[in-house]
Amino acid sequence: MAPINAESPASNARRAFLVGVEVRGSRPQFTVEDSVDELALLAQTAGLEVCGRAVQRVAQIDPATFIGAGKLEEVIEQVAALDAGVVIFDDELSPRHQRELEKRLGEGVQVLDRSALILDIFAQHARTREGALQVELAQYEYRLPRLTRQWTHLARQAGGGAARGGAAGVGLRGPGETQLEVDRRDIRRRIARLKEELEAVRAHRQRHRLQRARAGMPTVALVGYTNAGKSTLLNALSGAEVYVADQLFATLDPTTRRVELPSGRIVLLSDTVGFIQKLPVTLVAAFRATLEEVVEADLLLHVVDISDPHAWDQIDVVEDTLAELEASRIPKILVLNKIDRGEQALPKELDDLGYRAVVRTSATQGRGLDELLEAIGECLRDALIPLTVLIPYTQGELLAAVHESGVVESERHTEHGVRLRVLVPPRLAGRLEAYQTT
C-alpha cells in the first residue's frame, strides 16, 4: 500500500479531517474525544496536518455510511470548507463503508481508517528487513478485501465492463472483473510468499532463543503503550543507541542488548513494538515473530508514561493485549517512566494486576535506573532453583554458563571438578541435573 496520497498533486493532499464515533452503551477504554486526540497524534506522525474533526454518539453504526446521514452531510460540508483532502475515521471501516463514504465525499477526497493510518506509519518507520516484511504482509491482508478501491486502475476497467455488460450480461465476466481476479490471486501469492519469509525469520529467532536457553541467559522484554519511553529506557540501561523520538511508533524493529545486573548476572533486554488501543488485528498477526519475544520472556517490564493523563487507560490496553498474547502468566514489573514530567495518582486497582514491583524512573535523566536493575535482579532471583553440583573440568562451557546466568553462593575446586552451590534459572537447571551432588 502506497503512502497516504503519495500520488496526489493536490495542495490539500496532506490536510486531514478526523471523525470519531462512540456507540451508546459501549464501554470504551478512552472517551471518543480522547481517542480522536490520539488519532490526531497518529495523523501528525504520518505527516498529515489535522484541520478539523467531528464526533458523534450513536445508538448503532449505520450499515451503509458508518455515521448517521445528517452527520455525514455536516462532515461533507466541513471537509469542503476546510479544503481537506483526507478524511480519517477512528475505527476500522468495512469495505462497504469505505466505498460508500468515498462515493459520498466525492472524487479528490481520500477516506482512511485508523488501521490504514497505523499501517502507513509502520511502513514509514520499519528499518530492517524483518520489519518491512511484517508491514508489507499486514498491508496486503488489509488491502485484499478493499481491492476495488485501493487499485485505481481496476475501477476504470470494471466501469467499462459494466457499461458493456448491462442487465443482459447474465453469467458473463467483463474484462474489469477478470483483471480484478488476477490481481486478487497475485496478492494472495504475495501474502503466501511473505508468510514463508516471515516463517524463516521466526525459525531464525527460535534458533537464537534455543542458544540463549542453553546458556541459561534470562530474557527481559520491555512492553508498553507506544511512546512510553521503552527505547530510551533500553538505551539508558544498556548503553545502546536505539532510535528514539517523541512520537508514536518511533521504532518497530526488535532490539536486544546485554545488560549487567548489580549482582554481576547478565540478562538480555529486548525492546518490542509499542501497543495502542484498536491495534489492527492484521498487525498483531503480522508481528507475531516480534511479539514472540514477549511470550518467551522470563520477565516483563511494563513501561508507562506516568505523566500522561491517560496512563491508567493505557495500562488497561497493554494488560488486555498481553492477555490476548497469553503472556499474563509471565512475572512483570511496572516501570512508571517520565517522572520528570509529573506523575498521575496511583489507583487502588493497581494491586490487583500482580506486579512483582513498581519502580519510578526517568530514562532521560537516569533516575531510578539502579532501583530498576535491583528489582529485575530480585524478580529473576526469586525464580532461581538452588542446586549443589560437581562440574567436571572438561565442561568449561557449562561452568561459564553457570557463572553468567546463575548466582554462585560457594565454589571449591576438587580433584574431580568444580563443586558449586548455585541458584540457576529453570532452563539451566535441566542441563545441570546430571552433575548434582550432595
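Scanning region 74-109 for residues that are more than 17 Å from Gly20 (Cβ to Cβ) and buried (at least 19 other Cβ atoms within 10 Å of the Cβ) yields a total of 3. The set of residues in region 288-311 being at pLDDT 90 or above and hydrophobic (A, V, I, L, M, F, W, C) consists of Leu299, Leu300, Leu301, Val303, Val304, Ile306, Ala311. Of all residues in region 20-36, exactly one satisfies the criterion of being small (Gly, Ala, Ser) and part of a helix (DSSP H, G or I), namely Ser35. Being assigned to a helix (DSSP H, G or I) and not polar (S, T, N, Q) is a description that does not apply to Glu415.
Identification of helices (runs of 4 or more DSSP H) wholly contained in region 263-364 with 2 or more residues that are in contact with a Cys (Cβ under 9 Å, 6 or more places away or on another chain) yields no element. For region 275-287, the criterion of being touching a strand residue (DSSP E or B) at 6+ places or on another chain (Cβ under 9 Å) and of a type in the set (Phe, Trp, Tyr) is met by at least one residue.
Annotation note: Cβ proximity below 6 Å between a residue of region 294-309 that is over 17 Å from Leu372 (Cα atoms) and a residue that is of a type in the set (Gly, Ala, Ser) and assigned to a loop (DSSP other than H, G, I, E, B) (sequence gap 6+ or interchain) occurs for Val294/Ala327; Val295/Ala327; Ser307/Gly342. Every condition in (1) modelled with pLDDT of 90 or more; (2) over 30 Å from Ala383 (Cα atoms); (3) out of contact with any Phe, Trp or Tyr (no Cβ under 7 Å at 6 or more places or on another chain) is met by Thr178 except one, and the failing one is (1). A single entry from Val223, Val244 fulfils the requirement of being at pLDDT 70 or above, of a type in the set (Val, Ile, Thr), assigned by TED's automatic domain parsing to the domain that holds Thr321 and outside any helix (DSSP H, G or I): Val223. In region 312-369, of all residues being among the small types (Gly, Ala, Ser), under 22 Å from the mean Cα position of the chain (by Cα) and surrounded by 13 or more Cβ atoms within 10 Å (Cβ to Cβ), the one that is nearest to Leu283 (Cα to Cα) corresponds to Ala327. Applying a threshold of 7 Å to beta carbon distances and a minimum spacing of six or more residues, or different chains, the list of pairs starting in region 352-373 at a residue that is touching a residue at least 40 places away in the same chain (Cβ under 8 Å) and ending at one that is part of a helix (DSSP H, G or I) and of a type outside the set (A, V, I, L, M, F, W, C) reads Ala363/Thr232; Thr364/Thr232; Thr364/Asp340.
Restrict the check to region 87-105 and report whether at least one residue is under 30 Å from Asp308 (Cα atoms), touching a residue at least 12 places away in the same chain (Cβ under 8 Å) and either more than 29 Å from the chain's Cα centre (by Cα) or in the same structural domain as Arg146 (by TED's automatic domain parsing) (or both). Steps first, answer last, please.
Here is the first cut: in region 87-105, the ones under 30 Å from Asp308 (Cα atoms) are 87-93.
Subsequent filtering for residues that are touching a residue at least 12 places away in the same chain (Cβ under 8 Å) retains 87-93.
Of the ones still in play, those that are also either more than 29 Å from the chain's Cα centre (by Cα) or in the same structural domain as Arg146 (by TED's automatic domain parsing) (or both) are none.
Checked region 87-105: no residue is under 30 Å from Asp308 (Cα atoms), touching a residue at least 12 places away in the same chain (Cβ under 8 Å) and either more than 29 Å from the chain's Cα centre (by Cα) or in the same structural domain as Arg146 (by TED's automatic domain parsing) (or both).
Report yes if Gln395 is at negative phi, without any contact (Cβ under 8 Å) to a residue 60 or more places away in the chain, polar (S, T, N, Q) and in the same structural domain as Glu293 (by TED's automatic domain parsing), otherwise no. No; evaluated as a whole, the condition is false for this residue.
Restricting to region 378-390, count the residues that are surrounded by fewer than 18 Cβ atoms within 10 Å (Cβ to Cβ) and out of contact with any His (no Cβ under 9 Å at 6 or more places or on another chain).
So in region 378-390, the residues surrounded by fewer than 18 Cβ atoms within 10 Å (Cβ to Cβ) come out as 378, 381-383, 385-386, 388, 390.
When the remaining residues are screened for being out of contact with any His (no Cβ under 9 Å at 6 or more places or on another chain), the result is 378, 381-383, 385-386, 388.
Counting residues in region 378-390 that are surrounded by fewer than 18 Cβ atoms within 10 Å (Cβ to Cβ) and out of contact with any His (no Cβ under 9 Å at 6 or more places or on another chain) gives 7.
Within the bounds of region 327-338, is there any residue that is without any contact (Cβ under 8 Å) to a residue 24 or more places away in the chain, under 25 Å from Arg202 (Cβ atoms) and of a type in the set (D, E, K, R)? Yes - at least one qualifying residue is present in region 327-338.
The values are calculated or read from the model by the stated rules, or taken from the named source; none is laboratory data. This is a predicted model, so every value here is computed, not measured. Reconstructed Cβ throughout: ideal geometry from the backbone, glycine too, with neighbour counts over all protein chains shown.
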